[in-house]
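Worksheet: the structure to be examined is printed underneath.
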Amino acid sequence: MTALDFLDTNILVYAYDFSDPAKQPVAQEIVRKALTGEVLLSAQVLAEFAATLLHKLSPPAKPNEVNGILDALEPIRVILPDAVLVRRALQAHEEYGVHFYDGMIIAAAERGGCSRIWSEDLNAGQAYFGIVVENPFSK
């Protein structure tokens, strides 16, 4: 079995945001892989994604549109937060100097057994707890 990948919020947003036609097809391909079970995400990623669609897009998405997208993403395995995950995120914050919520992403990817995090925000090429970050748009 090959190692899994983890999907950060920004990649998911680009898959559904038409404002960047260069990034959208790359992000959509990663989401297609996620639907086949090769890529995981977390409840935090879904919440950040929904908030971005509702509040940061122009024009903002309607709640029923966001619900429809969440329905389409339902086959993707979601890592849920708990106290252990929060403590590991704190450790990531302390060891790597990342923002706490980035630490939550790292901790969720680790819990999911991922070897790579697809992200535009984290430092591409850096390993956090042995998980390497890759920016899919820098290729």
Show me the helices (runs of 4 or more DSSP H) found entirely inside the range 1-64 where at least 1 residues are within 17 Å of S138 (Cα to Cα), among the β-branched types (V, I, T) and over 10 Å from the mean Cα position of the chain (by Cα). 24-35
Does L46 satisfy being crowded, with 16+ Cβ neighbours inside 10 Å, modelled with pLDDT of 95 or more and touching a strand residue (DSSP E or B) at 6+ places or on another chain (Cβ under 8 Å)? yes
L80 fails exactly one of the following numbered conditions: (1) surrounded by 16 or more Cβ atoms within 10 Å (Cβ to Cβ); (2) in contact with a strand residue (DSSP E or B) (Cβ under 8 Å, 6 or more places away or on another chain); (3) farther than 17 Å from V31 by Cα. What is the number of that condition? (1)
Could you list, in sequence order, the residues of the range 96-139 that are surrounded by fewer than 19 Cβ atoms within 10 Å (Cβ to Cβ), out of contact with any Ser or Thr (no Cβ under 9 Å at 6 or more places or on another chain), outside any loop (DSSP other than H, G, I, E, B) and touching a residue at least 24 places away in the same chain (Cβ under 8 Å)? Y96, Y101, R116
Give me the pairs, please: first residue somewhere in the range 41-60 and more than 25 Å from V86 (Cβ to Cβ), second residue anywhere and in a helix (DSSP H, G or I) and not small (G, A, S), beta-carbon distance under 6 Å, and either six or more positions apart or on two chains. L53/V66; P60/L54
State whether one or more residues within the range 73-84 are under 16 Å from the mean Cα position of the chain (by Cα) and basic (K, R). yes
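The values are calculated or read from the model by the stated rules, or taken from the named source; none is laboratory data. Everything quoted here is computed from the prediction, not taken from an experiment. Every residue, glycine as well, gets a Cβ built from its backbone with ideal geometry; the counts of neighbours run over all protein chains shown.
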